[in-house]
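Input: a single structure, listed below in structure tokens.
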Amino acid sequence: ELSGAAVPPGCDSISFVPTLEGSAAGHKQQVHEFLYWEFHEGGASKQAVRMGRWKGIRTYGGPLELFDIETDVGETTNVAAKHPEIVQRIESVLATAREENEHWPLKQGGGGKKKRS
């Protein structure tokens, strides 16, 4: 959008240009129900979902860690055991949000510990 290029067909993204420009308050900023992303460094794949105040992270094949990022910005306290309904919603996203890609296969790891940079 900023470059003036056409959006590719089949793209499900939402522009966050109003947020970047600081004008989101004056516009009806469209939002996704969740954000999903992956990391493929260090052997095992890691998946993450942001859903409102919740952030779920897991090393592929391991348990989901859940953080309330409104009260725990540093993501230090895993609250998955206290919120099984949120864990279930995020697990559902993890099961359906990605498209398989031969260049970015999910590689199983273990332990569910996220790596801090």
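Here is a check on your reading of the model: is Gly61 out of contact with any Pro (no Cβ under 8 Å at 6 or more places or on another chain), open to solvent by 40 Å² or more (accessible area, probe 1.4 Å) and either within 18 Å of Trp37 (Cβ to Cβ) or not hydrophobic (A, V, I, L, M, F, W, C) (or both)?
yes
Report, ordered by the first and then the second residue, all pairs with beta carbons closer than 7 Å, sequence separation of six or more or different chains, a first member in the stretch 82-98 that is acidic (Asp, Glu), and a second member that is buried (at least 18 other Cβ atoms within 10 Å of the Cβ).
Glu91/Leu64
Filter the stretch 45-57 down to residues that are assigned to a strand (DSSP E or B) and under 12 Å from Leu106 (Cα atoms) and give me whichever is most open to solvent (accessible area, probe 1.4 Å).
Lys46
Residue-wise test of (1) in contact with a helix residue (DSSP H, G or I) (Cβ under 9 Å, 6 or more places away or on another chain); (2) modelled with pLDDT of 85 or more.
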residue: Pro18; (1), (2): yes, no
residue: Gly26; (1), (2): yes, no
residue: Gly56; (1), (2): yes, yes
residue: Gly61; (1), (2): no, no
residue: Leu64; (1), (2): yes, yes
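For the stretch 87-106, what are the residues that are among the polar types (S, T, N, Q) and either touching a Phe, Trp or Tyr at 6+ places or on another chain (Cβ under 8 Å) or not in a helix (DSSP H, G or I) (or both)?
Scanning the stretch 87-106 gives a single hit, Asn101.
Yes/no per residue for (1) in a loop (DSSP other than H, G, I, E, B); (2) open to solvent by 50 Å² or more (accessible area, probe 1.4 Å):
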{"residue": "Val7", "(1), (2)": "yes, yes"}
{"residue": "Pro18", "(1), (2)": "no, no"}
{"residue": "His32", "(1), (2)": "yes, yes"}
{"residue": "Gly43", "(1), (2)": "yes, no"}
{"residue": "Glu75", "(1), (2)": "yes, no"}
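The values are calculated or read from the model by the stated rules, or taken from the named source; none is laboratory data. Treat the numbers as computed from the prediction; the structure is a model and nothing was measured. When we count neighbours, we look across all protein chains shown, and the Cβ atoms used for this are built from the backbone with ideal geometry, even at glycine. We work out accessible area using only protein heavy atoms, side chains counted, and drop any ligands, DNA or RNA first. Shrake-Rupley method; radii C 1.70, N 1.55, O 1.52, S 1.80 Å.
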